[in-house]
Each structure stands twice: as structure tokens, then as C-alpha cells.
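Right, one structure below, let's go through it.
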Amino acid sequence: MQIEENIKPLLSVVIPCYNEDEVIGETYKRLQAFCSELVNLEVELIFVDDGSRDRTRELLEGYAAEDSRIRLIVFARNFGHQIAITAGIDAAGGDAVVLIDADLQDPPEVVHAMVARWREGYDVVYGTRTERLGESAFKRLTARCFYRLLNRLSDVPIPLDTGDFRLMSRNVVDTFKAMPEQDRFVRGMVSWAGFKQIALPYKRAERFAGESKYPLRKMLRFATDGILSFSTKPLQMSVGLGMFCAFLALAGIIYALALRLFTNIWVEGWTALMLAVLFIGGVQLICLGIVGEYIGRIYKEVKNRPLYIVQKYVGFKQAGPALSRSPVVHQNDR
Ligand code: UDP
Ligand code: MG
């Protein structure tokens, strides 16, 4: 950290919000309390409104008008959690950046411990969940399986039971900003960046109010993104599956031939044939699907669309476009 004397380092806190009007008031209160406890550190609170359809945006604009520490990025539509985080990081001016959910599942108080570790010289301090309160057994089980499967498959070790709740130093933030990919699995990308990383165990609280914005469908999408953007092993596995089928077929041929040559019974035709056709058909479709997933991603990358579109920046000192990858910025208040 090269910090000039007398100038306090700046901590940027990025908070993605999607339809969070039930919790946002409480979140803001807790964050204010957190800020007032920070010593020798300036804070900016960067809220990203990810195309909310409730009153989240109005509330945030209200807070921003009163509090000069607040910055607000308003998306033109819902782009998803990972993209919202990315926009927050892009716009952050801090010497360190903290990612935190708007629903108070990640307690702001834990950030003090993260800052302490950062001051000891760590570049990434990621929260690992020792307990997950108020989440269904199904969510806990699927999350557990997912993190373990991901680690098996991924070429980069990605810490277990770790979400996006973390602190990153400027080095890591700049590295992250240089990563242009469309499919963004933020926690994996930060692991990939390297530097000095350390885990910080914490208890994941219950959602303060409102509902999870990750229904099963989105969770599956997120899990596939995680695996496919960090591994090409599924492709190798489809080769393995193909070899296995070829081997089965060979064994079948030898068996049928042996029966035909050395005995009077031979294999009944229809059932065996049908099974073989369906089996091979199924395996081929699975492999094609895997290849297709990768091709779909290549297609998305090749189109090279902007990651997100910002409708409005509020409370930033620099000009809008300098803050982001978004080409169109209609307004830049204040
Ligand atoms: N979120 C977002 N865009 C989305 C979905 C979620 O910005 O499309 C935000 C949401 O407001 C919250 C965070 O991402 O601050 C995590 O979402 P949620 O709490 O619903 O996920 P869970 O904790 O259930 O995994
Ligand atoms: Mg949550």
C-alpha cells in the first residue's frame, strides 16, 4: 500500500441491490454504524441498483442526496448479481474494495476483521461460512456439493464455502478490471488473480427481510457458469464417455460373435439393438450439449457486447464513462 501521509486510505464498499426495498433501510443504517467505527479510513458506499422494479432505487437516491459518502450506479435493466458487482468494482476508487450483499447476510461488522488483515498485508480476505443460518437444507446441500464439484473440475483452486463477501486490495481490483470475460464468476476470477489471499471464517446470518433473488433456475445457471468458465474438463469427460461406449460396444461384439461361432444360441436382435441405439444416442446428445455450452459461450464472447448499461451515476466525482465499461451514460448527477 503506497499511502501518502495524512491522507487516509479509502475503502470502497460495493453493495449490489435487486428489489431490496424491504431491507435497504436497515442495511444503510448498519453500514452507517460500521463507517462511524472505522478509524483512519475514509469510506465510500457504492450501491448498484440492478434494475430493481420496487422502490429500491428511489430509496437509494434519497440516501445519496443526504450522504456524500454514497455513490449510486443505476443499471438500465437487471443484469444479474455478478455483473452488478463488476460495475461496482469498476467504479470503485478505493485502496481496498469490499463486496457485501444488501440483505445483511454478510454482517458489515466482519469487515473490521477484513480490514485488519488487509493492513497486515493480505490482498484478498474472503469470508468462509462456518454456519449458514436461515437457509434451507436443500440450499445448503446443493451449495456444498457444488463447491466440492467445482473444485474437482476447476484448474484454479477455488476456496470451499466461500461467497463473494470479501475485501480486495487495489492490485487485485486492477487485475480484475483487466478481465473482460462476459461470463463472470467473480469469486473464481479473484482466486485466479493470485496475490496473498486468506480466509476469514464468519457466521452467515439469515436474510434480514425479503426473499432470495436466486431461485433454483438461477442457481443452476450460476453453477454451470462457475464450472464452464473455470474448466474444460467436461470436454475431456465427454471423450472419456465416448471411449467407455466404444469399449462397451467392443465387448458386445466379441460376446455376440463368440455366441454365434461356438454355440447354437445367439443374441436376440430387437432389444439389444434398441438399447444400443438409445444408449449411443443419449451419450452423443450429452456430449454435443457439453460442446454446445462452450460454443454458446464463445459466441457470447465474440459478440463482445458491453457487460452492462448504466442509466445513471449519482454522487461520483469523476465523469461517468471514466468509471465503467458501459458506453452510454445518460446522466451524471452532481
Ligand atoms: N442481486 C442482484 N441482482 C440479481 C440478484 C441478486 O444485484 O439479479 C443482489 C441481491 O440484491 C443481494 C445479493 O445480490 O444483495 C445476493 O442475492 P440473494 O441474497 O438473493 O442471494 P442468496 O444470498 O440467497 O444466495
Ligand atoms: Mg442473500
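The values are calculated or read from the model by the stated rules, or taken from the named source; none is laboratory data. What you see is a predicted model, and the numbers here were worked out from it, not measured in a lab. Positions of Cβ are generated from backbone atoms using ideal geometry, with glycine treated the same way; all protein chains shown enter the neighbour counts.
Table for the structure above
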quantity	calculated
Among (1) part of a helix (DSSP H, G or I); (2) more than 23 Å from ILE295 (Cα to Cα); (3) free of Cβ contacts under 8 Å to residues at least 24 places away in the same chain - the single one GLU211 does not satisfy	(1)
Helices (runs of 4 or more DSSP H) fully within the stretch 1-116 counting 2 or more residues that are touching a residue at least 12 places away in the same chain (Cβ under 8 Å) and of a type in the set (Val, Ile, Thr)	24-37, 81-91
Scan of the stretch 60-90 for residues that are away from ligand 1 (no atom under 14 Å from the Cβ), buried (at least 19 other Cβ atoms within 10 Å of the Cβ) and not charged (D, E, K, R), ordered by number	TYR63, ALA64, ILE70
Flag for ALA256 being away from ligand 2 (no atom under 16 Å from the Cβ) and assigned to a strand (DSSP E or B)	no
Close pairs (9 angstrom Cβ cut-off, 6 or more residues apart or separate chains): farther than 13 Å from VAL291 by Cα and in contact (Cβ under 8 Å) with a residue 60 or more places away in the chain in the stretch 221-243, among the β-branched types (Val, Ile, Thr) and buried (at least 18 other Cβ atoms within 10 Å of the Cβ) anywhere	GLY226/ILE158; PHE230/ILE158
Members of the stretch 154-207 that are modelled with pLDDT under 90, β-branched (Val, Ile, Thr) and more than 16 Å from ligand 2 (Cβ to nearest atom)	VAL156, ILE158
Residue in the stretch 272-282 that is in a helix (DSSP H, G or I) and either under 24 Å from SER229 (Cβ atoms) or polar (S, T, N, Q) (or both) present	no
Given (1) in contact (Cβ under 8 Å) with a residue 40 or more places away in the chain; (2) within 16 Å of VAL124 (Cα to Cα); (3) within 16 Å of ligand 1 (Cβ to nearest atom), number of the condition LYS196 does not satisfy	(3)
Enumeration of residues in the stretch 41-87 that are small (Gly, Ala, Ser) and more than 16 Å from ligand 2 (Cβ to nearest atom)	GLY51, GLY62, ALA64, ALA65, SER68, ALA76, ALA87
Flag for PHE230 being in contact with a helix residue (DSSP H, G or I) (Cβ under 8 Å, 6 or more places away or on another chain) and within 30 Å of ALA116 (Cα to Cα)	no
Hits in the stretch 117-131 (condition: over 27 Å from ILE83 (Cβ atoms) and outside any loop (DSSP other than H, G, I, E, B))	ARG117, ARG119, THR130, GLU131
Unmet criterion (only one of (1) under 23 Å from TYR308 (Cβ atoms); (2) within 16 Å of ligand 2 (Cβ to nearest atom); (3) surrounded by fewer than 24 Cβ atoms within 10 Å (Cβ to Cβ)) for ARG129	(1)
